[in-house]
Each structure stands twice: as C-alpha cells, then as structure tokens.
1. Just to be sure before I move on: is GLY266 in contact with a Cys (Cβ under 6 Å, 6 or more places away or on another chain) and surrounded by 18 or more Cβ atoms within 10 Å (Cβ to Cβ) in the structure I sent?
2. Residue under question is GLN63, and the condition is that it be within 21 Å of GLU361 (Cβ to Cβ) and either touching a residue at least 40 places away in the same chain (Cβ under 8 Å) or more than 20 Å from the chain's Cα centre (by Cα) (or both); does it hold?
3. Could you check VAL318 against (1) touching a helix residue (DSSP H, G or I) at 6+ places or on another chain (Cβ under 7 Å); (2) assigned to a helix (DSSP H, G or I); (3) not small (Gly, Ala, Ser) and say which number it fails?
4. I'm checking my understanding of the structure. Among residues of region 374-393 that are in contact (Cβ under 8 Å) with a residue 24 or more places away in the chain and surrounded by 10 or more Cβ atoms within 10 Å (Cβ to Cβ), which one is nearest to THR21 (Cα to Cα)?
5. I'd like to know if region 340-350 contains one or more residues that are more than 15 Å from the chain's Cα centre (by Cα) and surrounded by fewer than 23 Cβ atoms within 10 Å (Cβ to Cβ).
6. Which condition from (1) outside the structural domain of ASN126 (by TED's automatic domain parsing); (2) out of contact with any helix residue (DSSP H, G or I) (no Cβ under 6 Å at 6 or more places or on another chain); (3) buried (at least 18 other Cβ atoms within 10 Å of the Cβ); (4) not charged (D, E, K, R) is the one that ILE371 breaks?
7. Kindly state which helices (runs of 4 or more DSSP H) lie completely within region 145-257 and contain at least 1 residues that are over 19 Å from the mean Cα position of the chain (by Cα) and modelled with pLDDT under 95.
8. I'm told LYS258 meets every condition in (1) farther than 23 Å from VAL354 by Cα; (2) surrounded by 23 or more Cβ atoms within 10 Å (Cβ to Cβ) except one. Can you identify the failing condition by its number?
Amino acid sequence: TGLFTYDSGFLSTASCKSKVTFIDGDKGELLYRGYPIEQLAENCNFLEVAYLLKNGELPNATQKTSFENTIKKHTMVHEQLTKFYSGFRRDAHPMAVMTGVVGALSAFYHDAMDFSDAEHRSVSFNRLVAKMPTIVAMAYKYSTGAPFMYPDNELDYASNFMRMMFGNPCEKYVANPVLARALDIIFTLHADHEQNASTSTVRLAGSSGANPFACIAAGIACLWGPAHGGANEACLQMLEEIGDVSRVGEYIKRAKDKNDTFKLMGFGHRVYKNFDPRAKLMRKVCDDVLQELGLENDRLFKLAKELEKIALEDQYFVEKKLYPNVDFYSGIVQKAIGIPTEMFTCIFALARTVGWMTQWEEMITDPEYKIGRPRQLYIGAAKRDVVPLAKRA
Ligand code: CMC
C-alpha cells in the first residue's frame, strides 16, 4: 500500500538542500561553493579547498596558515589504532582495511558524538582530514610488510603523504614537487561531488545521529564499488586487460553489446551528459606527470587516448552521451606516481573525506533535517496465514 513516487536510483529526487557543490551536467560545470573547479585546481592547494568546503569561503593568508597548522596537529593516529592493521591479512584489499580502521576511530573519539557543539564538529573534521593520509599510507605499508612511517609536519599535505607511502625510516625521502603538486590536484578534483552515492550514504548514516567517524566508514564502503570510486582501479585493470591498441575495437564492441555485462570503466556519469570537467583537468595532470617522468610513450596512456578517441566517435557512446569521467585518467597518473592499483580508491576516499564531513556537518546543522527514511512500493506476497510445518507441501 502507499502512493509513493517510485524513483529507482534517485534519478529525480533531491534528498536535501545544499550550499556546498553545484554541478551543471549539460554544461560540464562543477563549482565548489560557487568557484569553478578549474580555477580552484589551478590557484589553490587541497587544504585551501578543504577550508573552502568546510567554511564556505576561501581562507586569507593568515587563516590558511592557521588551518594548515591545525591540521598538522592531528596527523598522528592513536598508537593503539596501529594494532588494528595486524588483524587483517596482508593481502586484504586496502579498502576493506580502510573501512575497518576508519570505523574504529569512532571508538577513540566519543566527543565527536556531541554534535550540538560546533567546536566538536570542527575538531572531528580536522582530525579526519589530518589522519586520512596517515591511515591510507599505513594500509599500504602493512600490505608490503614495511614499517609504518610517522607523519612529518614540516611537509605540505601531499608531500607528507608521499613520504609516508614511499619513504622508509632508514633514508631521507624527498617527494618530487611536480608529482606532489599533481597528487594535490587529484585530491582537489575528488574533494566533493554533491549527492553522489557515498556522500548520500554518509548523510543517511549520519541522519540517525551516528558517530561521524562511523558514518565516514559507511561512505568508504559505498565508494569501494566499481560503479563509483572503485572505477579508477577497474579502469586500470581494464586497460591492462586490453593490453594493446589493436584490441580496443574488440572491447568497444563488448561495451555496446546488450548481452555482455562489460562496461567501459571510466566512462559515463549519472549527471555529466556533455563532459566531466574533472576528466579534462585529470588528462592535463596526466600529461604533466608522464612528461616529468619521461613516460610520454607510456603504453597504457597511449591505449587510453586511443580508447577515448574511438569511443567519442562511436555512435553508441555519442547517443548515450557517455564521456570519460574523472576515473578514466586518474589511474594512469597514480600508477605513474608509483601508487599501486589497489590503493587508487583509498586516495579517492582520502580526498572525499573533506566533502563527506562538510556534507555531514551541513546535514546535522540543517533545521529541517530528519532521519533519512525512504518508502517503497511493496510488490511481495499478499497477506496470508502461516501453515503449520507438518502441513506444508
Ligand atoms: N560503457 C558502456 N555502456 C554504458 C556505460 C559504459 N561505461 N555507462 C553507461 N552505459 C550505458 C548503459 O548500459 C545504459 O544503456 P541502456 O540505455 O541501453 O540501458 C545507458 O548507457 C545509461 O547508463 P546507466 O547505467 O543507466 O546510467 P547511470 O546513470 O545509472 O550510471 C554510471 C552511471 C557511472 C554508474 C555508469 O555510466 C557506469 O557504470 N560507468 C562505468 C563505471 C564508472 O566509470 N564509474 C565512475 C563514475 S565517476 C566517479 C564516481 O562518481 O565515483
């Protein structure tokens, strides 16, 4: 019973009012707090963008330094948290580890439950944004058996992350500034994207009044899937599988076949029906990184470009308005930087934490906020009586 509007996949349902991010899918436009993503990627670093998303305005120079210092204060994790890693198999998928470890943070910060206090909400944001690089790098180090690296607060956000990923306690590690800047832009491009599946998950989990750290763990779980954040990993695996430019046609044919479940990973988007502005920026980052590393002739990059070219000219993709999305090139850049494929979605989670926490805060402080509780169209059995076991056929 019930006359509810059926909207599978929420194609036309606005679940909230938001002031954070605006997308015009037809124009291929993405704005954070009104600022075009292109300008933010060019002129700001990730922590400035995080400040913007959190506070609604870009910081001035004093606010920027103060925010960076605050984040630095929180980069270490509780020593007890490091024990959680050893409960996982070394070959566990790092997104499984992330879901567990970030969820475990909720047991360390009970003050996060005091949502009515703006200071507590702000500290939860700062803690998570500061600790995510440490937690992601530890997941990687654990998988290789290498010792954990403590953060170095002398470094900027991206360089510190690279050092924790690729450095070791015996040697001085200096991150290549071109690669660190590229990574910082990747973070900015992933920082928020209005009511995508994982953000909606964080809001829904948060709407019951749950601990925000546990809500972020729910977001990480949702992000993992290949239709969402897992697409960058799946895209690189697809490119490896295709292997050679000569086989692109075969895979395009498969993607178009109704009876084949194969989809071109890194293509298509629920909202962008013209192009994904993040993909354009990512392609440029990719060019810069490959040039810096002398990998312009990289096999996978060439393959990706060829795939993009053929797909963009193909009637099927044109008619269905399927364009490369942010995940199409991000895997190649990350691989070139030295990040292993299974870590790609963790990088996405690291950056999206800023958007998740911003949107959680917006929801929890919204005077109109209610617990998220969708209705359904029931299509199951009509009311009937239980037949005693002995009489059942
Ligand atoms: N390759 C081949 N056909 C596709 C693809 C693709 N990548 N994407 C969509 N289609 C077809 C789909 O089969 C459908 O065909 P038909 O109308 O004949 O049923 C039509 O295009 C519309 O697609 P849809 O699946 O109904 O669209 P959606 O809005 O529900 O899904 C999507 C959007 C992103 C989940 C989907 O395009 C997809 O699975 N893409 C591949 C995975 C991917 O790259 N995901 C990353 C998204 S961007 C980053 C993020 O948000 O995490």
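1. yes
2. It is true that GLN63 is within 21 Å of GLU361 (Cβ to Cβ) and either touching a residue at least 40 places away in the same chain (Cβ under 8 Å) or more than 20 Å from the chain's Cα centre (by Cα) (or both).
3. The single condition VAL318 does not satisfy is (1).
4. ARG375
5. Scanning region 340-350, I find at least one residue that is more than 15 Å from the chain's Cα centre (by Cα) and surrounded by fewer than 23 Cβ atoms within 10 Å (Cβ to Cβ), so the answer is yes.
6. (3)
7. Ranges flagged: 231-242, 248-256.
8. The failed condition is (2).
The values are calculated or read from the model by the stated rules, or taken from the named source; none is laboratory data. These figures come from a predicted structure and were not determined experimentally. We place every Cβ from the backbone using ideal geometry, glycine too, and count neighbours over all the protein chains shown.
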